[in-house]
Amino acid sequence: MIDYFWTSDLFAVVLAIVGLNYVFIFFHEMAHFVAIKAVGGEAKMSIDRRFLSIVVATDLYHLGLVSKARRYIVYLGGIFVDLFF
């Protein structure tokens, strides 16, 4: 049996985990972006570099003009994608 987490390639395993984390964060923020566009709001998705990490963020505009029930769709969009993965 091969134990992948405690090998001499631990650095490669850590890099793979960090890379997957960024992919999951991207899909989470993309779900917020798609949800706000679907309910009629405006959004801007950005990928920035802060210090040593990469940050993916979705800026939501005019969310107050959307009905309260539709706002929950936007808020829960990222959670549903997280549960899917």
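Values quoted throughout were computed directly from the atomic coordinates according to the rules given, and no laboratory measurement underlies them. These numbers were taken from a predicted model, which means no experiment stands behind them. Cβ atoms come from the backbone with ideal geometry, glycine included; neighbour counts cover every protein chain shown.
Things worth noting here:
- Three principal axis lengths of segment 4-85 [C-alpha, angstrom, descending]: 54, 28, 13
- Between the beta carbons of LYS37 and PHE84, assuming R0 = 22 Å, the FRET efficiency works out to 0.70 to the nearest 0.05.
- Here the relative contact order of the chain, from alpha carbon pairs under 8 Å that lie six or more residues apart, stands at 30 percent.
- Based on every Cα atom in segment 38-85, Rg and the maximum pairwise Cα distance Dmax equal 13.0, 38 Å.
- Computed from label points 7 Å out along Cα-Cβ, the spacing between SER67 and VAL23 is 3.8 nm.
- Amide H partners (placed H, <5 Å) of VAL55, local residues excluded: ASP48, ARG49, ARG50
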